[in-house]
1. List every residue pair whose Cβ atoms lie under 8 Å apart, where the two residues are 6 or more positions apart in sequence or sit on different chains, the first residue falls within region 35-53 and is closer than 13 Å to L5 by Cβ, and the second residue, located anywhere, is outside any helix (DSSP H, G or I) and of a type in the set (A, V, I, L, M, F, W, C).
2. Name the single residue that is nearest to R76 (Cα to Cα) among those in region 8-48 being open to solvent by 90 Å² or more (accessible area, probe 1.4 Å) and acidic (D, E).
3. May I ask you to list pairs of residues, at least six apart or on different chains, whose Cβ atoms are under 7 Å apart, with the first in region 8-34 being within 20 Å of Y65 (Cβ to Cβ) and the second being among the hydroxyl-bearing types (S, T, Y)?
4. Anything in region 15-54 that is of a type outside the set (S, T, Y) and assigned to a loop (DSSP other than H, G, I, E, B)? List them, or say none.
5. Filtering region 63-77 down to residues that are open to solvent by 30 Å² or more (accessible area, probe 1.4 Å), of a type in the set (A, V, I, L, M) and not in a loop (DSSP other than H, G, I, E, B), which residue is nearest to A35 (Cα to Cα)?
Amino acid sequence: GLEKLIADPAAAGGLEAAVAKVVTDVRTLPDDLAARTCVGLGLRLAEKGQWTAARELFAVAAEQYPAHPETVEAVRWLVKFQT
């Protein structure tokens, strides 16, 4: 589902559309799964050099799921990205 959108964003109308769909869909998941999904997909995008898209997913994790343990990775990445 969501992983495929990020792996093949052309199918969703481009990377921006794929990220927007992920952000929308992840809100329907339980918080634990949503946080892990945002961070995991964000890390995958960052590894591919898609930093703006990764930033969007990490920001969702930081804003919506700040208490989740994996969100620490998102916040670390955001701090590095901004400096």
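1. Listed pairs, sorted by first residue: T37/L29.
2. Within region 8-48, the match that is nearest to R76 (Cα to Cα) is E47.
3. Within 7 Å, the pairs are V26/T37; L29/T37; D31/Y65; A34/Y65.
4. Matches in region 15-54: R27, L29, P30, K48, G49, Q50.
5. Selected residue: V72.
The values are calculated or read from the model by the stated rules, or taken from the named source; none is laboratory data. Here the structure is a predicted model, which means the values were calculated and not measured. Neighbour counts are summed over all protein chains in view; Cβ atoms, including those assigned to glycine, are modelled from backbone coordinates with ideal geometry. What goes into the accessible areas is simple: the full protein's heavy atoms, side chains included, and nothing from ligands, DNA or RNA. Shrake-Rupley method; radii C 1.70, N 1.55, O 1.52, S 1.80 Å.
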